[in-house]
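Structure first, commentary second.
The values are calculated or read from the model by the stated rules, or taken from the named source; none is laboratory data. It should be emphasised that the depicted structure is a prediction, and the values quoted were computed from it without experimental measurement. Cβ atoms come from the backbone with ideal geometry, glycine included; neighbour counts cover every protein chain shown. In case anyone asks, the SASA skips ligands and DNA or RNA and just uses the protein heavy atoms, side chains included. Shrake-Rupley method; radii C 1.70, N 1.55, O 1.52, S 1.80 Å.
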Amino acid sequence: MASEKVETVIAGNYVEMEREKGDSSKPTKSKLSTLFWHGGSVYDAWFSCSSNQVAQVLLTLPYSFSQLGMLSGILFQLFYGLMGSWTAYLISVLYVEYRTRKEREKVDFRNHVIQWFEVLDGLLGKHWRNAGLFFNCTFLLFGSVIQLIACASNIYYINDNLDKRTWTYIFGACCATTVFIPSFHNYRIWSFLGLMMTTYTAWYMTIASLVHGQVEGVKHSGPTTMVLYFTGATNILYTFGGHAVTVEIMHAMWKPQKFKLIYLIATLYVLTLTLPSASAVYWAFGDALLTHSNALALLPRTAFRDTAVILMLIHQFITFGFACTPLYFVWEKFIGVHETKSLIKRALTRLPVVIPIWFLAIIFPFFGPINSTVGSLLVSFTVYIIPALAHMVTFASSSSRENAVERAPALLGGWAGLYSVNIFVVGWVLIVGFGFGGWASMLNFVHQVNTFGLFTKCYQCPPHKH
């Protein structure tokens, strides 16, 4: 594996890593490779978190606003953005705790990428590991499916000579090339470009909507039903639940302990993209968004819109890699090739992971409703409930709190305040996210199946003009 040296990050002592990283005797080719390929800085982690968080959800947030109404849409974004940052912080604390304990036992992670289920296993045992593995893998599987659906949904607005299902076949083959990207170290240039692309698209949506103005007879009747309200809220829960890959991103850092505030800063930046774009598109088109879950469908076709579509396509390829790479790691570990140094061998063994993703994207091409369903049933547990519960159980005993690598933040009132926030997160997400959200999202999803059918060739396509 090309990045084996880079992955020698010791949670307690960074001297060796710093010396390797700072070696100035490298040839030019190696320096270029480091510049574009080996990313392990705080900035790389920030770009990865920001780029991974917003992706195609940017295009479905105006749809969520039409379900929620403007005020609820804005408030839910702020609320879930803060809650997502909190649970990403908890995951980072548990990762550093696990890694430090293991390295005190002289465990070497030179050729091994630590994952969330291994953190749960090391700290809490096999039942927690199994729960983490099930929810994380299922979420990442459907996260990858959503990227494929989004690719087909977007390209159709530039070229409608092929139906969306055919485009899904084509992009499935394109996304399969992510098997050649070894780890999150190697997304340095991609995550940087990805964030530039979503930034352009968000501001294009904002400005184009304001320039277009409100459509004739525009109505802003949301929220109208409980089903639509909680479906929209759950899509926003999904938006700020992009930290199912937090552990893998942390592991790719030179100094994982610096991760603590990265996700919060990434979320604040993402809010500068999502709030203006969703608000402006909803203001301009109102209730029309209820039947157009991809906001690009309503904006007039211009060179700017075509540019946004192309940039989002490239970004969805990158995000597919983000969602799928942890699945590749799990599969590699399962069949015993994870620590091999042969990049080609690892790439070939990863290919079976792409096939079910491809198949599911063809069965359920419901861009928008699938986000809410995945959010309520999977994201709620993967990135909110399990991390908060795991943190509370890990530090339940007084000795574990005294010996914790990361102390409870004094700002919250120490451990008591931390536990209070965790209990609130678990309760809220269980009742509102999983309970009401799951009920609403499943009803909406079943409605889409009954209306359009499985394997539908062209979901929400306008009548084809010859």
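Looking at S72, S66, S85, S92 in this structure, which one is in contact (Cβ under 8 Å) with a residue 24 or more places away in the chain and touching a Lys or Arg at 6+ places or on another chain (Cβ under 9 Å)?
Details: S72 fails: touching a Lys or Arg at 6+ places or on another chain (Cβ under 9 Å); S66 fails: touching a Lys or Arg at 6+ places or on another chain (Cβ under 9 Å); S85 fails: touching a Lys or Arg at 6+ places or on another chain (Cβ under 9 Å).
Answer to the selection: S92.
Of the listed requirements (1) free of Cβ contacts under 8 Å to residues at least 40 places away in the same chain; (2) within 26 Å of S66 (Cβ to Cβ); (3) surrounded by fewer than 20 Cβ atoms within 10 Å (Cβ to Cβ), I170 misses just one: (2). Of the residues making up segment 177-199, one or more are out of contact with any Lys or Arg (no Cβ under 8 Å at 6 or more places or on another chain) and within 22 Å of L68 (Cβ to Cβ).
Note on segment 97-113: among residues that are open to solvent by less than 10 Å² (accessible area, probe 1.4 Å) and modelled with pLDDT of 90 or more, the one that is farthest from H251 (Cα to Cα) is E97.
Criterion first (buried (at least 24 other Cβ atoms within 10 Å of the Cβ), touching a helix residue (DSSP H, G or I) at 6+ places or on another chain (Cβ under 9 Å), assigned to a helix (DSSP H, G or I) and aliphatic (A, V, I, L, M)) does M196 satisfy it?
On the way: buried (at least 24 other Cβ atoms within 10 Å of the Cβ): no; touching a helix residue (DSSP H, G or I) at 6+ places or on another chain (Cβ under 9 Å): yes; assigned to a helix (DSSP H, G or I): yes; aliphatic (A, V, I, L, M): yes.
No, not satisfied.
All conditions in (1) open to solvent by 30 Å² or more (accessible area, probe 1.4 Å); (2) farther than 30 Å from L140 by Cβ; (3) in a helix (DSSP H, G or I) hold for E216, with the sole exception of (3). Of the residues that sit in segment 219-263 and are open to solvent by less than 40 Å² (accessible area, probe 1.4 Å) and outside any helix (DSSP H, G or I), which one is modelled with the lowest pLDDT? Of everything passing the filter in segment 219-263, G242 is modelled with the lowest pLDDT.
In segment 401-429, the qualifying residues are those that are out of contact with any helix residue (DSSP H, G or I) (no Cβ under 6 Å at 6 or more places or on another chain) and β-branched (V, I, T), and the one that is farthest from I385 (Cα to Cα) is V421. Applying the condition of being surrounded by 18 or more Cβ atoms within 10 Å (Cβ to Cβ) and small (G, A, S) to segment 121-142 and asking which residue is farthest from Y384 (Cα to Cα) yields G122. Among the candidates A266, A284, the residue that is open to solvent by less than 40 Å² (accessible area, probe 1.4 Å) and within 16 Å of the chain's Cα centre (by Cα) is uniquely A266.
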